[in-house]
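Input: a single structure, listed below in structure tokens.
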Amino acid sequence: MQTILCLSFVTLFSLVGLLCAEIDGSPNIVLEEVHVGVILDMGSSEGKIILSCISTALSDFYHLHNNYSTRVILHTRDSKGKALHALSAALNLLDKIKVEAIIGAQTKMEANLLAELGEEAKVPVLSLSGLRISPFGAPGEYPFFVEITQDETSQVKAISGLIETFKWRDVTFLYENTDYGRDIIPFLINSFEEANVTIVYKSCIATSSADEQIIEELHNLTKLKTTVFVVHISHFLVPRLFLNAKKLGLLSEGYAWIMTSTSMNFLHFSMDPSVIESTQGVLGLKSYTPASTRLHNLTSRLRRIFYMQDPNIEVSAVIPDGTTWALAEAVERTWTSTGLNLVNLNNITSSKHGLLLLQEILQTRFKGLSGEEIQYPNGKLVSTAIEIVNVIGKGERRVGLWPCEEKHTRDSYPLNSRRNLLSTNDLETIIWPGGSSTIPRGSKMQLSNNSKIKLRVGVPVRIGFNELVHMIHDNQTNRTYFTGFCIDVFEAAIRALPYEVNYTFIPFPIGINESYNDIVYQVFLQTFDAVVGDTTITSERSQNVCFTIPYTDLGVGMLVSNENEDMWFFLKPLSADLWITTAVFFILTGFVVWVIERPVNPEFQGTPSQQIGTILCYAFSTIVYAHREKLLNNLAKFVVIIWVFAVLILTSSYTATLTSIMTVNQIQVNSRANIGYHSLISRQGVANIKFKSSYKTVEEYALALSRGSKHGGVSAIVDEVPYIKIFLGHYPTGYSMINPESTTNGFGFVFPKGSNLVHDMSMQIQQMREEGKLIEMEKVWFHKGTIPMFNNTASDPNTLNFHTFRGLFLITGVSSAFALFIFIIFPLKEKWYAVKKFRFRYRVREKLQRVRKFFSHKVSNENEENQ
């Protein structure tokens, strides 16, 4: 891993001081010990090297700064290469030693566990590996986590930019079957999509793979047309991978290999000349290290140190990393600026100085041994550039630099920022595999204006649907010709290519023993270089070959007959109960209007037979709004308005349903209906259908549909849209197609994986579609008449019933009842008021008479008395 070397050179910054500073011998300084944990796999050479570098860096740092009042004390724990052991060791360091920081996490799993623990304990974790994150995830979840090595994902822009510079469009990606190997994939794919680069094949190699398994996987790569490989595996696998790849000829002229910085670390640990020889011409990426004489001298010193520990370890180059220097400097500033000491640190869940120490580490900025500025502004090591190197001889040679982004924030990744484009002029001469300085073309198929391509094109030949593909054999000349829509599209696209392509059509009979899957597989076996015909694009076939974009309509349709011999078909839109209910309401509405209008409207009066005729005529004339009788009562007008609204809805629904029935016969696709099909692919996505048999020709389609399910035929035929269009071109009046569903991907041309013709032909097909040429070709081969289509994506029209309109009839009935109630109540009320008034007047009159009698009697009595 690249992180092994990053820390292995922490000594460089301290050695700078040794070379250029004077030793201050200030006596009587009280030293304060600051405990730091180091968790490494001590059983690996990387762990031993890293520990040696950290120890040497601290020794040199305090030799230079002997006046400092603090001293970092290292406490080493063995993770044994397991994440849980690393977590247990970290807990022990926090509990027993009370460490103020932890250095370690050689794997992503360890990094995630220690990040959680560091966040809980508020202790900075200086990690040798990055966290497992999404390319679109937001960093900053663990502020106490500091990634002290170059982020693996930062180099994906450089890889895609390099591929784009050489104008390669297809690559093969080899990665290790570990979290480390898989985590970079989404970043790589995202970056490649921006550069319009396609990963045609991803090869996964397990760490425990034997040589036989690696060779088997490499054999698969030899079958691909692509000759550009991007490698992201640990340096342990690199020697075995390249030794076997060289034996298989994958490192000969015309091939290109690009290794990530982690894979390039094999140069720092391998002394096997055969391994170095097998990687000649390989390009690799690594963190940028400006050259200096002092750096070279210190590299030699490190070699001697490591050689004393393990003679089998070779360090050919170093990458400066100021982690140890930064930590020691941050510790000094933290403890001297705060005036605190390390007494009584009993709470392991929250370090007193954790936050202050973290801030000092993140604010650290200084120049390293090579002059490169070291800083961790957002918990990540910021690198100014990525170095592009070429493996030559016994080592590597820099051929160019990829500038990194100037600024990184917690909310932005290099993947989301602008691209730094290179040109071949920015790179020095590269020696490619095979010793050639000519840039590989990226494909075994030479696609250039000066080269000719010879294709062996397989053509599926079968009975029926000659409009798509038809083979004609001329007995006089003994030559075979191919015609059809598929052939025309292919030839038009070939002619439009900017280079010359020669091709020969080879017939491939499709029948009982051979299928379309077989002819497609012949491309994978390299029997054919391409397949042209009515070949449907499927996911299963795409595992072995590549398809162009489809040049026909997508999906599956249903072909049905329009014939209908039922003389009562016009009654089908409405169910019987709805017909009866509608008739009853017609009569009921007419009766209510007659009751209301009869007392005041002469047009609703007359003999009983005339009044009955008026009721029926007026009610049913509302269907066409032809009623001529003038209404005088407002209640009658209210009833008619509500009823006319109901009639409008009923007639509109009836018309729509009747139109659908007249367009296509209602098909009940259930267990009793027989449905025909053309191929197994056409049956995909169609469920709950009883398929009877397969039909191959247009004539068989017509015969089966004309017989129907009751007479040994079928009620409908399920097929891909192009076949149905051809049938409807022959029979445009008697049949229709129910609107198709996109359950298939259409027809496409077949090419081997990695073929540049896939992209070029797809571009030509897209251009022909935009210019309308595909439609014109369809008209020539498919459309001999108007093609009827019934646009219904769900099912055939259903009969309308009373349940559908029960709300409408409820409104109408309530309105009529309300009007009739008002009509009856108001006259009774008026009569009651009249009777009441009469009675009142009668009583008043009686009282007046009594008064008169009283006064007349009194007057008469007075007169008598006076006399």
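The values are calculated or read from the model by the stated rules, or taken from the named source; none is laboratory data. Quantities reported herein were computed from a predicted structural model and do not represent experimental measurements. Cβ: placed from backbone, ideal geometry, glycine included. Neighbour counts: every protein chain shown. All accessible areas refer to the heavy atoms of the entire protein, side chains included, with ligands and DNA or RNA removed. Shrake-Rupley method; radii C 1.70, N 1.55, O 1.52, S 1.80 Å.
Here are the numbers:
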{"quantity": "Pairs of Cα atoms farther than 16 Å apart, the range 522-652, %", "calculated": "74 percent"}
{"quantity": "Segments 243-252, 527-536 sorted - mean Cβ within 10 Å per residue, highest first", "calculated": "527-536, 243-252"}
{"quantity": "Solvent-accessible area, 1.4 Å probe, carbon plus sulfur percent, for the range 39-95", "calculated": "53 percent"}
{"quantity": "Residue-normalised accessible area of the range 180-228, given per residue in Å² at a 1.4 Å probe", "calculated": "43 Å²"}
{"quantity": "GluC sites (Glu not before Pro) within the range 518-592: DSSP coil, no more than 13 neighbouring Cβ in 10 Å", "calculated": "563, 565"}
{"quantity": "Where 857, 678 fall by accessible area, highest first, once all protein chains stay in place (1.4 Å)", "calculated": "857, 678"}
{"quantity": "Mean Cβ neighbour count within 10 Å, used as a protection proxy, ranking 697-704, 501-508 highest first", "calculated": "697-704, 501-508"}
{"quantity": "Cβ-Cβ FRET estimate between residue 67 and residue 398, R0 fixed at 51 Å, reported to 0.05", "calculated": "0.85"}
{"quantity": "Per-peptide average of other Cβ atoms within 10 Å, ordering 60-71, 746-757 highest first", "calculated": "746-757, 60-71"}
{"quantity": "Placed amide H near residue 80: partners under 5 Å, 5+ positions off or other chain", "calculated": "42, 43"}
